[in-house]
Amino acid sequence: MEVEVRKFEVFRFRPEEEEEPTYHTYEVPCMPEWVVLDALNAIKDDIDPTLSHRWSCRMGVCGSCSMLVNGRPVLTCNAFVKNYEGTIRVEPLSNFPVVRDLVVELDSFMAKLQSVKPWIIRKAEKDLGEGEYLQSPAQLEEFKQYSMCINCCLCYAACPVLASEPDFVGPAAIALAHRYNLDSRDEGNHERYDAIHGHDGVWACSYSNECSQVCPKHVDPSMAINQAKLTGALQWFKLLPKRSFT
Ligand code: SF4
Ligand code: SF4
Ligand code: FES
């Protein structure tokens with residue numbers, strides 16, 4: 001198969017040593033089926049071992065290879081080089097601090113996930129001998145879409161609100177909270193209420209929909225946010241109970 005030399009303009013930055021980021025251009029011999037992650041690995045292996053980037057599964061599952069390619073948040077293991085013309089610019093995810101080069105700090109995202117208590121909450125667990133918490137296919141379907149998130153953070157990089165309001169809980173965390181609130185086995189709606197409907201929750205969202213457009217797993221977080229807004233409003237006017245409010 002024919003190798004084609006392609007140019008990659010790659011963001012480089014060591015915050016502890018440099019005041020400003022720079023862009024380095026690399027000429028990379030690419031195979032026709034390569035994705036952008038293959039080219040970054042080739043740079044690291046054969047051209048410049050000082051480049052730092054993050055990846056793991058190479059199959060769109062782990063969510064760790066997220067970057068901006070020509071300004072758009074993508075999984076680089078799913079971004080085919082042949083689909084881009086000319087020089088390809090690779091940058092770290094926006095809306096996150098850079099640790100080094102293409103690697104960003106995700107602590108704020110992890111804290112936001114934690115804040116919505118993304119696990120099944122029960123008022124009281126039944127004894128193991130009483131069996132499983134059964135769920136019908138229809139009940140599963142209620143939340144399944146929102147459980148497909150791989151925590152890739154592409155939606156956070158795309159969100160215009162996060163650029164100006166970094167404390168906004170954000171699309172993936174709200175979608176995950178909504179997933180548990182919709183789960184027939186869960187009784188923790190009231191424990192997530194403040195995180196979702198407080199100052200930095202759903203009402204900060206301007207419904208610009210970029211999060212859903214970049215999501216590689218079709219989670220549709222903007223839909224989750226809109227549904228959560230409606231549920232919260234109905235609960236506020238006491239037209240809908242907070243499930244198992246204690
Ligand atoms: S719909 Fe809301 S959460 Fe999604 S990108 Fe737009 S402002 Fe951000
Ligand atoms: S909602 Fe989609 S874009 Fe956002 S973190 Fe989850 S998988 Fe990634
Ligand atoms: S390397 Fe795992 S999603 Fe890309």
Do we find a residue being at pLDDT 95 or above, open to solvent by 70 Å² or more (accessible area, probe 1.4 Å) and closer than 25 Å to Lys217 by Cα anywhere in the stretch 148-162? yes
Hey, does the stretch 40-53 have a residue that's within 15 Å of ligand 3 (Cβ to nearest atom), surrounded by 14 or more Cβ atoms within 10 Å (Cβ to Cβ) and within 28 Å of Ser212 (Cβ to Cβ)? yes
Filter the stretch 201-221 for residues that are more than 10 Å from ligand 1 (Cβ to nearest atom) and open to solvent by less than 20 Å² (accessible area, probe 1.4 Å) and give the result. Gly201, Val219
Counting only helices (runs of 4 or more DSSP H) wholly inside the stretch 137-246, the ones holding at least 3 residues that are away from ligand 3 (no atom under 16 Å from the Cβ) and not charged (D, E, K, R) are 137-143, 160-164, 171-181, 189-197, 210-214, 221-236
Every residue from the stretch 182-208 that is among the polar types (S, T, N, Q) and modelled with pLDDT under 95: Asn189, Ser206, Ser208
In the stretch 110-136, how many residues are modelled with pLDDT of 95 or more and either closer than 12 Å to Arg179 by Cβ or in a helix (DSSP H, G or I) (or both)? 11
Can Lys82 be described as closer than 30 Å to Arg6 by Cα, of a type in the set (D, E, K, R) and assigned to a helix (DSSP H, G or I)? yes
State the number of residues belonging to the stretch 85-103 that are part of a loop (DSSP other than H, G, I, E, B), more than 16 Å from ligand 1 (Cβ to nearest atom) and in contact with an Asp or Glu (Cβ under 9 Å, 6 or more places away or on another chain). 4
Please go through the stretch 1-37 and give me each residue that is of a type in the set (D, E, K, R) and open to solvent by less than 30 Å² (accessible area, probe 1.4 Å), ordered by number. Arg6, Arg12
Within the stretch 16-66, residues in a strand (DSSP E or B) and either touching a residue at least 40 places away in the same chain (Cβ under 8 Å) or in contact with a His (Cβ under 7 Å, 6 or more places away or on another chain) (or both) come out as Tyr23, Thr25, Cys30, Val35, Ser66
Within the stretch 63-107, residues being open to solvent by 50 Å² or more (accessible area, probe 1.4 Å), within 10 Å of ligand 3 (Cβ to nearest atom) and within 12 Å of the chain's Cα centre (by Cα) number 0
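Condition check ((1) over 30 Å from Arg58 (Cβ atoms); (2) of a type in the set (A, V, I, L, M); (3) within 16 Å of ligand 2 (Cβ to nearest atom)) across all residues:
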site	(1), (2), (3)
Asp127	yes, no, no
Ala138	yes, yes, no
Ala157	no, yes, yes
Glu165	yes, no, no
Phe168	yes, no, yes
Show the residue pairs that are 6+ apart or on different chains and have beta-carbon atoms under 9 Å apart, the first residue being within the stretch 207-227 and charged (D, E, K, R), the second being near ligand 2 (Cβ under 8 Å from one of its atoms) and open to solvent by 70 Å² or more (accessible area, probe 1.4 Å). Lys217/Met148
Expected output for the stretch 179-201 (first residue over 13 Å from Leu140 (Cβ atoms), partner open to solvent by 40 Å² or more (accessible area, probe 1.4 Å) and of a type in the set (S, T, N, Q), Cβ below 8 Å, 6+ apart or cross-chain) is Asn181/Thr231; His190/Thr246; Ala195/Ser115
Considering Gly188, Gly198, Gly170, which residue is more than 16 Å from ligand 1 (Cβ to nearest atom) and among the small types (Gly, Ala, Ser)? Gly188
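The values are calculated or read from the model by the stated rules, or taken from the named source; none is laboratory data. The structure displayed is predicted, hence computed values, not measured ones. With ideal geometry, Cβ positions are generated from the backbone for all residues, glycine too; neighbour counts draw on all protein chains shown. Accessible surface is based on the protein model in full, side chains and every heavy atom, while ligands, DNA and RNA are left aside. Shrake-Rupley method; radii C 1.70, N 1.55, O 1.52, S 1.80 Å.
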